[in-house]
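Inspection log for the structure reproduced underneath, given as structure tokens.
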Amino acid sequence: MEILDGKKLAGEIKTQVKFDVENFCKEHRAPMLACILVEGDKASEIYVSSKVRACEECGILSKVVRLSSKITQTELEKAIDNLNKDININAILLQLPLPPHLDSNLAINKISPLKDVDCLTDTNLGSLFSGKNQLAPCTAQGIMKLLNKYKIAIEGKRAVVIGRSLLVGKSVSCLLEQSNATVTICHSKTQNLKSITKDADILVVAIGKAKMITTEFIKEGAVVIDVGINRESGKIYGDVDFENVKEKCSYITPVPGGVGPLTVACLMENTLKLSKRQYEGGTNSYTSC
């Protein structure tokens, strides 16, 4: 069994992004990421803070737009539109989840596809699913980078993804399929889940239930990617019962230190990519740093 060290790979990605940003800034201003944070969710506060720190590490400018938890849909969409129009902003991220009274799908689709750093607008998802987009949602992108870093074979393998969110499940399923894996998506209504997952050469778990996946779900020698982050009694657990499962796997991600750091690193990478695209397409004004 080998641990897939997402933290180490994330460091390598951020080092490369920092180098690329320094080169970019020889002729253009530094990229800027705007994070929209609707207040009220403690986990979201932590996630946004980690993204701001990563920006500082990589030489990327950041702006946090804090909005009241009582904000209306119209007010949220107006705030997004203001960022769309701001030529100093290259990338926009709407921190999820939103309060129940807000429609996240409507809000996400107010983000300009040119500034959609997490590739969640209908336009960018359509390009992703048709194989035309170079950007992907950051978590899905990070998972693929991790598999490639460890030279884990994907082509011809049976991959099972538990979870069907656009942010993770559907997106990583698409990328695995584009890498010639045979992919099955499972979810809360899937029957006989264990019988499906036990055939998986690669198992990606994103269900949000602490330590739900035990050895009974795992094929001997499988690669297990745990996307879950569950906080219980001051501790963080993944969706996979790591201690119970690890000896049955060929590779497994830890929680924390697996997929989470890669999500943030790929966010930095996507921010730079969007900045370069906007410069090349003439959609933003750039001056020297």
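Nothing in this text is a laboratory measurement; each read-out follows from the coordinates by a stated rule. Note that this is a predicted model, so its numbers are computed, not measured. Cβ placement follows ideal geometry from the backbone for every residue including glycine, while neighbour counts extend to all protein chains displayed.
How large are Rg and Dmax for region 138-260 when only the alpha carbon atoms are used, in Å?
13.0, 41
Do any trypsin sites (Lys or Arg not before Pro) in region 14-101 lie in a loop, going by DSSP, with at most 13 other beta-carbon atoms within 10 Å of their beta carbon, and if so which?
Answer in residue order: Lys26, Lys70.
Read phi for every residue in region 228-240 and hand back ³J(HN,Hα) as whole Hz from Karplus 6.51 cos²θ - 1.76 cosθ + 1.60, θ = phi - 60°, with x for Gly and Pro.
Karplus values, whole Hz, x for Gly and Pro: x, 9, 10, 9, 9, 6, x, 10, 10, 10, x, 7, 9.
Assigning unit charges at the beta carbon (Lys, Arg +1; Asp, Glu -1) and nothing else, what dipole magnitude in debye, to the nearest 20, does the chain show about its Cα centre?
Around 20 debye, computed over the chain.
In nm, give the distance between the simple-model label positions of Ser68 and Thr123, each being 7 Å from the Cα along the Cα-to-Cβ direction.
3.1 nm
For a quick size check, give me the Cα extents of region 114-172 along its three principal axes, largest first, whole Å.
32, 22, 18
State the Kirkwood hydrodynamic radius of the chain in Å, one decimal place, computed from all pairs of distinct Cα atoms.
After inverting the mean inverse Cα-Cα distance, the result is 19.6 Å.
Counting other Cβ atoms within 10 Å, keep those with at most 14, restrict to DSSP loop, and tell me which trypsin sites (Lys or Arg not before Pro) in region 107-216 are left.
Sites meeting the loop and neighbour criteria: Lys132, Lys151, Lys189, Lys209.
If you place +1 on the Cβ of every Lys and Arg, -1 on the Cβ of every Asp and Glu, and leave all else neutral, what size is the dipole of region 138-260 about its Cα centre, to the nearest 20 Debye?
Dipole about the Cα centre, nearest 20: 200 debye.
What whole-number volume per residue, in cubic angstrom, does the convex hull of the C-alpha atoms of region 83-190 give?
Taking only Cα atoms, region 83-190 has a hull volume of 120 Å³ per residue.
Taking neighbour Cβ counts within 10 Å as the exposure measure, how do Phe217, Phe24 sort from fewest upward?
Ordered from fewest to most neighbouring Cβ atoms within 10 Å, Phe217, Phe24 come out as Phe24, Phe217.
Could you tell me which of the pairs Lys8/Lys63; Lys149/Lys209; Lys14/Lys51; Lys42/Lys235; Lys26/Lys149 are separated by over 20 angstrom between their Cα atoms in the structure shown?
Cα-Cα > 20 Å for Lys8/Lys63; Lys149/Lys209; Lys26/Lys149; rest within.
Name the residues whose placed amide hydrogens come within less than 5 Å of the amide hydrogen of Val64, ignoring near sequence neighbours (fewer than 5 apart) on the same chain.
Result for Val64 returns Cys35.
Which residue fluctuates the most in the chain, going by a Gaussian network model with Cα springs under 10 Å, if the choices are His187, His28, His101?
Evaluated over the chain, the most mobile residue of the options is His101.
Quick one: net charge around Leu167, please, counting Lys, Arg +1 and Asp, Glu -1 for every other residue with C-beta under 13 Å from its C-beta.
Result for the local shell: 0.
When all alpha-carbon pairs of region 27-112 are counted, what percent fall beyond 23 Å?
Summing the P(r) of region 27-112 above 23 Å gives 21 percent of all pairs.
With contacts defined as alpha carbon pairs under 8 Å and 6 or more residues apart, what's the relative contact order of region 50-145 in percent?
It rounds to 19 percent for region 50-145.
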